[in-house]
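Q: Let me begin by handing over the structure; questions about it come next.
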Amino acid sequence: MRYTPGVRGNNQGTNMKFLSAVFFAALLGVQAQAPAPAPAIASSEQTLQYIHAGWDKLTRSATACAALVDVKVHGSPVLYVPADAPIPAEAAATATRCHAQVLVLPRRIEKLGDVMPQELPQPGLLYLPDPYVVPGGRFNEMYGWDSFFIVLGLEADHHEALAKDIVDNFLYEVEHYGAVLNANRTYYLTRSQPPFLTSMILAVYEDRASFPSTPEGRAEANAWLEQAYTTAEKDHSTWTRPEHRAGTTGLARYWDYGVGPVPEMADDDTYYADVIRGLVEHPTPVGNSFLLRGPEHPDAAEVARLKLTSCDVHGSVVCLRAWYGGYRLTADFYKGDRAMRESGFDSSDRFGPFSGATHHYAPVCLNSLLYRYERDLAHMAHLLGKPQDARRWDRTANARAAAMQRYLWRPKEGVFADYDFVHAKPSEYAYISSLYPLWAGVATREEANQMEAKLNLFERPGGLSMSNFNSGLQWDEPYGWAPTNWIAVAGLEALGFHADAARIAEHFDATVDAGFAADGTIREKYNVVTGNANVAVSTGYKQNVIGFGWTNAVYLKFKQIAQEPLTQAESLSLLH
């Protein structure tokens, strides 16, 4: 399969599969390079001790002063509570204890976008009733897709009650804030994140330690599943709204209901100006379409024009400062930028330069997750004695699978690829999300065999890389992330590719150990080419945040897979 590189950087010979500590490049015809010297490796026991102690440090409560802190924005702390529920007593007490305001949202929220962030006097934390685990560092709130991996880690580390608390918080979010949110801050009221709610629900329900092992406990578990099922159905409807449809493909796309620059961007952040500079200095047809001629200091007429064609320079300091070399960004770029953030992959060159065309694609990752979501709902309906519901969800899942086969599967190349429904053509950008259909269960056995044969596109000495192109962005080569490594490894393991799964799991955990040996921390992402935590991002989020919830979790799960093959029942559990 031919993949088109992005607009910056170069591959530097990284399109190669790592086998027995040697790079082979026969398939892609790239000259092999000698691997870098192995870094010092910490004892896995030291890493495990850090993880075991880390959950308490990462646990927050919406009424704790530490949870109100938000380094992403300026201003005094505010805790918002739903308009359709009484103000909880513990929330009211927060105002005095934390020197914060407690404000009620202006109206009941049924769906994303019902309350826009700019309607509120200032950004703030959204109340949740139970404790939760944050990723770490600047990410001091409960995130949508991070939490799925965190739940797996908590259960692996025997913190089942906290795992259930997190899922209960998501059920509360759907009921009172319209959907699973990107995270529980008001500036996220316009978008969700990759949909894992049903996987979290089933992880809790199927863990025997989540409920008392008594008849009363099973009755409690079934009542809880009944409520969770109904709430998950509502959350699923988020992804079938007209705005989330990928044209007439029958598939879904990422979408944010806001306009212009994202409100969580600090006024002094240079990201959008850096994007313009990158587009100007590395012109491409797609990148050029994101640029708009405009003055740095627009007059009244230009302000009115830019509000329609770019963004509101009077309403956003970030918009005003998003200028470089006589150019601004188009309104369509901002829509793609927002959609990219819903995808969780912020940012890469996967959907054009800086993923500015994310909303033009039916992505493999999202539709794989929704297929899994729909299969989960069918499974839950069976458990609850709802055969008609189960058949309905089976039909929905089967229709999505058929659309994925039609638009996303590329039989000649043996891969699933994102589909540009605006221009009616598949993407040629190699991305690790092409492996999601393994975990979701949508890939056939023959497709799985072909996909396994293409692991060389992403496998590196320290795990799986996001892509095979170094764009300088954090969700591209040479970086590997815990969540995407887990999805790929769990999918390989579930389909019987244990040797591949165990090898990748062992290499990724060794990378985490190497990073821990260097500075005694666990990070959000790793350099899987060099096998350590050395990260140098050129544009966008340049930090490598310490914590880190999903890395802790995946490290634990990889220990299980690397040590011995899972039983057939354990392998099948990865698929539902």
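Q: Among the residues of segment 340-391 satisfying the criterion of being of a type in the set (Lys, Arg) and over 30 Å from Val537 (Cα atoms), which is surrounded by the fewest Cβ atoms within 10 Å (Cβ to Cβ)?
A: Initial filter on segment 340-391 (of a type in the set (Lys, Arg)): 341, 350, 372, 375, 386, 391.
After this cut, where a residue has to be over 30 Å from Val537 (Cα atoms) as well, the list is 372, 375, 386, 391.
Details: Arg372: 24, Arg375: 23, Lys386: 17, Arg391: 13.
Per the criteria, the residue is Arg391.
Q: Oh, and also: Output the number of residues of segment 311-330 satisfying the condition of being in contact with a helix residue (DSSP H, G or I) (Cβ under 6 Å, 6 or more places away or on another chain) and small (Gly, Ala, Ser).
A: Summing the residues that are in contact with a helix residue (DSSP H, G or I) (Cβ under 6 Å, 6 or more places away or on another chain) and small (Gly, Ala, Ser) in segment 311-330 gives 2.
Q: Something else now. Go through (1) among the polar types (S, T, N, Q); (2) over 28 Å from Leu556 (Cα atoms); (3) in contact with a Phe, Trp or Tyr (Cβ under 8 Å, 6 or more places away or on another chain); (4) in a helix (DSSP H, G or I) and name the single condition Asn169 misses.
A: Answer for Asn169: the failing condition is (2).
Q: Right, next: Considering only segment 235-250, I want to know if a residue exists there that is among the small types (Gly, Ala, Ser), surrounded by 21 or more Cβ atoms within 10 Å (Cβ to Cβ), modelled with pLDDT of 95 or more and touching a helix residue (DSSP H, G or I) at 6+ places or on another chain (Cβ under 7 Å). Don't jump to the end; show me each part of the working.
A: Of all residues in segment 235-250, those among the small types (Gly, Ala, Ser) come to 237, 246-247, 250.
If we keep only those that are surrounded by 21 or more Cβ atoms within 10 Å (Cβ to Cβ) too, we end up with 246.
Checking the rest, the ones that are also modelled with pLDDT of 95 or more come to 246.
If we keep only those that are touching a helix residue (DSSP H, G or I) at 6+ places or on another chain (Cβ under 7 Å) as well, we get none.
Taking every residue of segment 235-250 in turn, none turns out to be among the small types (Gly, Ala, Ser), surrounded by 21 or more Cβ atoms within 10 Å (Cβ to Cβ), modelled with pLDDT of 95 or more and touching a helix residue (DSSP H, G or I) at 6+ places or on another chain (Cβ under 7 Å).
Q: Given the structure, is Thr539 hydroxyl-bearing (Ser, Thr, Tyr), assigned to a helix (DSSP H, G or I) and out of contact with any His (no Cβ under 7 Å at 6 or more places or on another chain)? Spell out the reasoning first.
A: Working: hydroxyl-bearing (Ser, Thr, Tyr): yes; assigned to a helix (DSSP H, G or I): no; out of contact with any His (no Cβ under 7 Å at 6 or more places or on another chain): yes.
In short, no.
Q: (1) at pLDDT below 90; (2) of a type in the set (Gly, Ala, Ser); (3) more than 29 Å from the chain's Cα centre (by Cα): which one isn't true of Gly75, the others all being true?
A: (3)
Q: For segment 322-335, check the following and say yes or no: at least one residue is touching a Gly at 6+ places or on another chain (Cβ under 7 Å), touching a residue at least 60 places away in the same chain (Cβ under 8 Å), under 21 Å from Pro117 (Cα atoms) and not assigned by TED's automatic domain parsing to the domain that holds Gln474.
A: Looking for residues that are touching a Gly at 6+ places or on another chain (Cβ under 7 Å), touching a residue at least 60 places away in the same chain (Cβ under 8 Å), under 21 Å from Pro117 (Cα atoms) and not assigned by TED's automatic domain parsing to the domain that holds Gln474, one finds at least one in segment 322-335, hence yes.
Q: So in segment 515-565, with the set limited to residues that are hydroxyl-bearing (Ser, Thr, Tyr) and modelled with pLDDT of 95 or more, which one is surrounded by the fewest Cβ atoms within 10 Å (Cβ to Cβ)? Reasoning before the result, please.
A: Filtering segment 515-565 for residues hydroxyl-bearing (Ser, Thr, Tyr) gives 521, 526, 530, 538-539, 541, 551, 555.
With modelled with pLDDT of 95 or more added as a condition, the list becomes 521, 526, 530, 551, 555.
On the way: Thr521: 16, Tyr526: 29, Thr530: 19, Thr551: 31, Tyr555: 27.
Checking each candidate, the answer is Thr521.
Q: Right, here's the next one. Return the residues of segment 82-118 that are among the polar types (S, T, N, Q) and either under 22 Å from Gly315 (Cβ atoms) or not in a helix (DSSP H, G or I) (or both); say none if nothing qualifies. Spell out how you get there, then give the answer.
A: The first filter runs over segment 82-118 and keeps only residues among the polar types (S, T, N, Q), leaving 94, 96, 101, 118.
Passing the criteria: Gln101, Gln118.
Q: Within 25 Å of Tyr361 (Cβ to Cβ), within 17 Å of the chain's Cα centre (by Cα) and in the same structural domain as Val554 (by TED's automatic domain parsing) - does that describe any residue in segment 433-447?
A: From segment 433-447, those within 25 Å of Tyr361 (Cβ to Cβ) are 433-444, 447; that's our starting set.
Next cut, within 17 Å of the chain's Cα centre (by Cα) only: 433-437, 439-440.
From what is left, the residues that are in the same structural domain as Val554 (by TED's automatic domain parsing) are none.
Looking for residues that are within 25 Å of Tyr361 (Cβ to Cβ), within 17 Å of the chain's Cα centre (by Cα) and in the same structural domain as Val554 (by TED's automatic domain parsing), one finds none in segment 433-447, hence no.
Q: Does segment 301-316 contain at least one residue that is in contact (Cβ under 8 Å) with a residue 60 or more places away in the chain, within 23 Å of Leu189 (Cα to Cα) and in contact with an Asp or Glu (Cβ under 9 Å, 6 or more places away or on another chain)? Talk me through it step by step, then tell me what you get.
A: Filtering segment 301-316 for residues in contact (Cβ under 8 Å) with a residue 60 or more places away in the chain gives 315.
Adding the requirement that they be within 23 Å of Leu189 (Cα to Cα) leaves 315.
Next, only the ones that are in contact with an Asp or Glu (Cβ under 9 Å, 6 or more places away or on another chain) stay: none.
Checked segment 301-316: no residue is in contact (Cβ under 8 Å) with a residue 60 or more places away in the chain, within 23 Å of Leu189 (Cα to Cα) and in contact with an Asp or Glu (Cβ under 9 Å, 6 or more places away or on another chain).
Table: residues versus (1) of a type outside the set (Ser, Thr, Tyr); (2) more than 17 Å from Gly491 (Cα to Cα); (3) at pLDDT below 95; (4) touching a Leu at 6+ places or on another chain (Cβ under 7 Å).
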position	(1), (2), (3), (4)
Asn398	yes, yes, no, no
Phe416	yes, no, no, yes
Ser433	no, no, no, no
Ala440	yes, no, no, yes
Leu455	yes, no, no, no
Glu459	yes, no, no, no
Gly463	yes, no, no, no
Leu473	yes, yes, no, no
Glu477	yes, yes, no, no
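Q: Given the criterion hydrophobic (A, V, I, L, M, F, W, C) and more than 25 Å from Leu189 (Cα to Cα), identify the matching residue among Ala381, Ala339. Even if it seems obvious, please write down each step before you answer.
A: Numbers: Ala339 fails: more than 25 Å from Leu189 (Cα to Cα).
Answer to the selection: Ala381.
Q: Moving on to the next point. Could you figure out which of (1) surrounded by 22 or more Cβ atoms within 10 Å (Cβ to Cβ); (2) touching a strand residue (DSSP E or B) at 6+ places or on another chain (Cβ under 7 Å) isn't true of Ile487?
A: All conditions pass for Ile487, except number (2).
Q: Report, by residue number, each residue of segment 191-208 that is under 16 Å from the mean Cα position of the chain (by Cα) and either in a loop (DSSP other than H, G, I, E, B) or free of Cβ contacts under 8 Å to residues at least 12 places away in the same chain (or both). Walk me through how you get there before you give the answer.
A: In the first step, residues of segment 191-208 are kept if they are under 16 Å from the mean Cα position of the chain (by Cα); the result is 191-200.
Across segment 191-208, the qualifying residues are Arg191, Ser192, Gln193, Pro194, Pro195, Phe196.
Q: Of the residues that make up segment 265-288, is at least one touching a strand residue (DSSP E or B) at 6+ places or on another chain (Cβ under 7 Å), in a loop (DSSP other than H, G, I, E, B) and of a type in the set (Lys, Arg)?
A: No, there is no match, as no residue in segment 265-288 is touching a strand residue (DSSP E or B) at 6+ places or on another chain (Cβ under 7 Å), in a loop (DSSP other than H, G, I, E, B) and of a type in the set (Lys, Arg).
The values are calculated or read from the model by the stated rules, or taken from the named source; none is laboratory data. Nothing here was measured: the structure is a model prediction, and the numbers come from that model. Positions of Cβ are backbone-derived with ideal geometry, glycine not excepted, and every protein chain shown enters the neighbour counts.
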